[in-house]
1. If you plug each phi of region A:50-62 into the Karplus form 6.51 cos²θ - 1.76 cosθ + 1.60 with θ = phi - 60°, what whole-Hz ³J(HN,Hα) values come out, in order, with x for Gly and Pro?
2. How many partner chain Cβ atoms sit within 10 Å of a residue's Cβ in peptide A:42-49, on average, as a whole number?
3. Is region A:19-67 best put as rounded, prolate or oblate by its Cα gyration tensor, with a ≥ b ≥ c the root eigenvalues, rounded for a/c under 1.5, and otherwise prolate when a/b is larger than b/c, oblate when not?
4. If I compute solvent accessible area with a 1.4 Å probe over the protein chains, what percent of it on chain B is carbon and sulfur?
5. If eta is 1.306 mPa s and T is 10 °C, what Stokes-Einstein diffusion coefficient results for region A:26-111, Kirkwood Rh from Cα pairs, in µm²/s?
6. Nearest 100 Å² is fine: what is the total accessible surface buried where chains B and A meet, probe 1.4 Å?
7. What percent antiparallel are the DSSP beta bridges of chain B, to the nearest 5?
8. For region A:57-111 and region B:1-30, compute the distance between their C-alpha centroids and round to whole Å.
Amino acid sequence: DAKTTQPPSMDCAEGRAANLPCNHSTISGNEYVYWYRQIHSQGPQYIIHGLKNNETNEMASLIITEDRKSSTLILPHATLRDTAVYYCIVRGTSGTYKYIFGTGTRLKVLA
Amino acid sequence: GAGVSQTPSNKVTEKGKYVELRCDPISGHTALYWYRQSLGQGPEFLIYFQGTGAADDSGLPNDRFFAVRPEGSVSTLKIQRTERGDSAVYLCASNLGQNTGELFFGEGSRLTVL
C-alpha cells in the first residue's frame, strides 16, 4: 500500500504558484520523498526528491517539514503544460527499492 | 532515441491467449521496473530487476505473470491465459541502479483483452 496521502484534485491559476501537499506520517528515517508527474497518456516523469532538507531544481521546490511527516511540492509559476497528475512517493534506501504510487493529485492549471 | 523503449505500443488479444511485452531500458541502466496502470489509477508495482535477477517480484498478481531479463538489459513481461481484467497500460522504467534517484519511464504498452 502507498505510504502517502494526497488530495485527489486541485486547481491553480496560470502564472501562480501551485502548492501540492503530501502526508507521509509513517515515514522512516532512511526513506526519501519523491515526486513524479504524469501528463495524460504519457509515462510518469521525475520531478524532484529529498530526504530532510528542502530541495530546488529547475522544475520545482520540495519543502519537507522538520518532523518529515509531510511535504509540499511547489511549482513556482504554473503553466497550462503543468496540468497533470502528481504523485508523492516514499521510498527506502535498504531492503527493497520499489516505488509505490498512490492515486496522486490531479492538478488543473486554469487560463 | 535514448529513452526507455516499449513494444508493442498497443496489443489487442483474446481472452486466454499468451502475450509478451518488451522493454528496452536506457543503455547502462542496471535496474528495471515493471508497472501496470488501469484507467484512473496510479501505476501499480509488479516487479523490479537489479541486473539479471528479480530483486522484488511481490507485485506480480498471480502465477500467470512472469518477467525475465536474461542478459541484464532487455526485459520481457509474459502473461499467460490472459483475462479481461489484465487490460491496462504496462509501464517499464529504468535507472542506473536500485539505490539511485530518478526513474525513467517508457510510454507504455496498452494491452486490451477482449
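1. Residue by residue, region A:50-62 yields x, 9, 9, 8, 5, 10, 9, 9, 5, 9, 7, 10, 10 Hz.
2. Averaged over the peptide's residues, the number is 6.
3. Details: a/c = 2.17, a/b = 1.65, b/c = 1.32.
It is prolate, given that a/c is not under 1.5 and a/b is the larger ratio.
4. C and S atoms contribute 47 percent here.
5. Details: Rh = 13.6 Å.
Rounded, D is 117 µm²/s.
6. Details: alone 6190 and 6460 Å², together 11060 Å².
For chain B against chain A, roughly 1600 Å² becomes buried.
7. Here the antiparallel bridges make up roughly 90 percent for chain B.
8. Centre-to-centre (Cα) distance: 27 Å.
The values are calculated or read from the model by the stated rules, or taken from the named source; none is laboratory data. Being a predicted model, the structure only gives us computed values, none of them experimental. Neighbour counts run over all protein chains shown; Cβ positions are idealised from the backbone, glycine included. Ligands, DNA and RNA are excluded from the accessible area calculation, which covers all protein heavy atoms including side chains. Shrake-Rupley method; radii C 1.70, N 1.55, O 1.52, S 1.80 Å.
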